[in-house]
Amino acid sequence: MNLHGVTVSLIALLVGNHRHIIAGVAAFQRALPNATPYSAIHVHVVRPAQRRQIHLSASDSPLNYDDEDFFHDDDEDAAAIARATSTTLEGSYAARDLSGSDVRLFRLGYDLILDTYAGSMGFDEVTDWDYYTQDEDGNRNSVEPTPFDASQPKRTRSSSGSVVRIFRGELSGKLGNTLRARGMDKRVLVKEFSGKIAKDLASAELKSVGRLQSEVCARGNDDARNGDWAASAATRYLSGKTGASTSDDDACVIKLLSILGVGRSNSKDAAPFVGILGRLDLYDFEEDVNPQEWYSALKVGPPKPDSIWVVYEYVGLTTLDAYARPPLARLDSLPPQRNFFGSVVAPPPLPQWRERANYVVKGIMQQSLQALAFMHENGVAHRSIGRNSIILSSVSQDKMEASTPYALVPSRLVVKLADFGFGGPISEASMDEEFRSRARSFGIIVAEGSSSVAITNFAMAEDLHALGFVLLGLLLTSLAEIPTPQYSMPATDEDSLQRLLTEIFDKDFDEFREYVAAEDIWTNLVSLLDENEGAGWDLLKSLCFARERAAENKDGFSVLSARALLASPTFSSRR
């Protein structure tokens, strides 16, 4: 039997602290205040494996859908497609970053100081395999290997080293003082991208986030729309270096932070992505840097040559991956609380299951889908959605507030998509050879440089598919009712869930429901998803099998969009 495959890249965890394996840009562990967590971005992109032919086959088995309510009508379809494929947003400010983040350079010490080293990131090489037989005429016939045969895996992984370092810092000087006077958070997150792969990721992220920021900044702000923000940002570095005033750009940065949600009291006012303020220029600093002083201050080596330093808004370091654990297990991992006399105090009991379920569904799930809808409506595909690329933040200064086991108020939760290193304009999807190969595996033929409803639909469906398995894993973990903190649960990571649904249950969600219902820890979850005639299961099925649905409609004009899925009764029913 011959085999061939395609390589998929995922940014993943390299190492954990002394007690916890942290996947994703995770929060600092309060149990170990002096420990350094090693973090990761989750990225997902398909690349051809060396000397292997790219070929993936979609299943021929029909899918039983009954989700027409999740599709736009023809007029809405036309508008959605126009937004997603537009390259001239008044038409899409794709050609330039109106927020100025792509040209704004901060100076170390003058504009910004680095406080602490947070961790490092690398990536895993993951290969999805397709198997086939070949007859005497050279014709290939795809076959499905036995799911339990370890010698014929559908997916394999190999790890790389660190390519990105993460630091916490804060804006200083007049800009920092102004932010503090206004009660706004002056903290920032800074990432150092070193090496060709990482620098390519940084460039792609600057482009994708710049496009999204251009959209939100240009709405209702004439100065940004006219290019004034970008103009002032371009002069910031030289002005600061020569002693001239940077007050004009300071005002633009403050307005940008406000638009992103800094200082806002309601999550509805925050942009649904992690914003970029600009880059940190270390050219002058690198010439005089003392490695020993740098190490003494930050406990890591000095800046790496020719690296790119990107400055982000500070939204905390807690990802969905850190939240996606049974609450009882999370509660057990918290450091013990002590009273005035030093005695250990028992933690408060967990909130009622229904209250927590409402927070997960109407808070985390709904905001995640809203964030994806915003991206797609502004013409950007993420292409790397995973538990580690969804940040759980808060409207308060304590960014961990909304991700504790006791968090129950969705309006205080801020969900933001992060890590756009493999993202890009939906309108340019057909330029990517790997995208064309993935589409071909679902029967969608894409010519390089072409555009069509089918291409747009499949580009968005890939993100919906990835988010579907993330949210499915979230439900199975965060709403599991385990009897003890040490209880061993069935596997709930995306790889395992995808294997269950596609290989074991042959994409039959009814059979998967029976599998979930057989576990006592998920009894209440099954009842929740069964409400409104199984609306929860329908939502998950539409997400997880979005690519199959896009393939079924490749010759039509209906669009399965994130915005349409938000109309699910799952989000509107009272609990």
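Assorted remarks:
- Protection proxy ranking, highest mean first, for peptides 480-491, 321-332: 321-332, 480-491, where packing is the per-residue count of other beta-carbon atoms within 10 Å, averaged.
- Each of TYR323, PRO349, PRO303 was placed along the dipole of the stretch 303-356 (beta-carbon charges, centred on the mean Cα), and the one lying farthest toward the positive end is PRO349.
- Close amide-amide hydrogen proximity is noted between VAL414 and SER393, SER394, VAL395, each under 5 Å apart and 5 or more residues distant or on a separate chain (H modeled in the peptide plane; Pro and chain starts excluded).
- Taking the convex hull of Cα positions in the stretch 388-489, its mean projected area over all directions (nm²): 9.5 nm²
- Taking amide H atoms as placed 1.01 Å from N in the peptide plane, the amide H of VAL143 lies under 5 Å from those of TYR131, TYR132, THR133, each 5 or more residues away in sequence or on another chain.
- Spacing of the modelled spin labels on PHE340 and ARG96, each 7 Å from Cα toward Cβ, amounts to 6.3 nm.
- Shape of the stretch 137-292, Cα gyration tensor, a/c cut at 1.5: prolate
- Additional length obtainable on full extension of the chain from ASP222 to GLN352, 0.36 nm per residue less Cα span: 42.0 nm
- With the simple model of a label 7 Å out from the Cα in the direction of the Cβ, TYR515 to GLU136 spans 4.1 nm.
- Listed peptides 340-347, 550-557 appear in the order 550-557, 340-347 once ranked by packing, highest mean of other Cβ atoms within 10 Å at the front.
- Under-5 Å amide H pairs with GLY278, H placed in peptide plane, nonlocal only: VAL311
- Mean separation of Cα pairs under 8 Å and 6 or more residues apart, divided by the residue count, gives the stretch 230-320 a relative contact order of 23 percent.
Read-outs throughout are calculated quantities, based only on the coordinates presented, and are distinct from any laboratory measurement. All values derive from a computational prediction rather than experimental measurement. Note that we place each Cβ from the backbone using ideal geometry, even for glycine, and neighbour counts take in every protein chain shown.
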